[in-house]
Amino acid sequence: MFADAGLLRLAYVANILILAPICWNMFFGSGVASVFEAKVEESAGLRLLVGSLWLAILVGSTIGLLAPRFFAPIILIQIFYKSLWLLVFVLPLIAAGKSDQVPWGISTTFIAIVVSYPFLFWFSGVLRNS
């Protein structure tokens, strides 16, 4: 059981390491401009919306270290919204030959999460009846 939960804990630790500095930047730093490499238009509303989402994931991931199976839906939410962002925002830019407009730092992080978190989720045993 601990080994299974350990897989989810890997995702939570990754979330904490990634999101702590990003959330700080969204609320106290240069916000959207630095996180999205000045390739997404800055606005207070966007900064608050995205910052709040990421802060909720950060807090949930921190608590998820103690109750990994209970907080597993956080992993699914990330897989879905990051996949959508990659498919609806990044892929069309690449297809249009505008890959220079893609914020590659955050996009690369999203790709890594979309590729790895499904495996961590599946092999964690969250879907088993136990």
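Scanning region 14-33 for residues that are buried (at least 16 other Cβ atoms within 10 Å of the Cβ) and assigned to a helix (DSSP H, G or I) gives A14, N15, I16, I18, L19, I22, C23, N25, M26, V32.
Consider V114 carefully, then state whether it is touching a residue at least 24 places away in the same chain (Cβ under 8 Å) and open to solvent by less than 50 Å² (accessible area, probe 1.4 Å). Criteria met by V114.
Being of a type in the set (A, V, I, L, M, F, W, C), closer than 15 Å to I18 by Cβ, open to solvent by 30 Å² or more (accessible area, probe 1.4 Å) and under 15 Å from the mean Cα position of the chain (by Cα) is the filter here; which residues of region 39-73 pass it?
Here is the first cut: in region 39-73, the residues of a type in the set (A, V, I, L, M, F, W, C) are 40, 44, 46, 48-50, 53-59, 63, 65-67, 70-72.
Subset that is closer than 15 Å to I18 by Cβ: 50, 53-59, 65.
Now restrict to residues that are open to solvent by 30 Å² or more (accessible area, probe 1.4 Å): 53, 55-56, 59, 65.
Once the filter is applied, which keeps residues that are of a type in the set (A, V, I, L, M, F, W, C), closer than 15 Å to I18 by Cβ, open to solvent by 30 Å² or more (accessible area, probe 1.4 Å) and under 15 Å from the mean Cα position of the chain (by Cα), region 39-73 yields L53, L55, A56, V59.
With respect to F28, is the statement that it is of a type in the set (A, V, I, L, M, F, W, C), at pLDDT below 95 and under 26 Å from V126 (Cβ atoms) true? Spelling it out, it is not the case that F28 is of a type in the set (A, V, I, L, M, F, W, C), at pLDDT below 95 and under 26 Å from V126 (Cβ atoms).
The values are calculated or read from the model by the stated rules, or taken from the named source; none is laboratory data. Everything numeric in this text was worked out from a predicted model, so none of it was measured. Note that we place each Cβ from the backbone using ideal geometry, even for glycine, and neighbour counts take in every protein chain shown. SASA here: full protein model, heavy atoms, side chains in, ligands and nucleic acids out. Shrake-Rupley method; radii C 1.70, N 1.55, O 1.52, S 1.80 Å.
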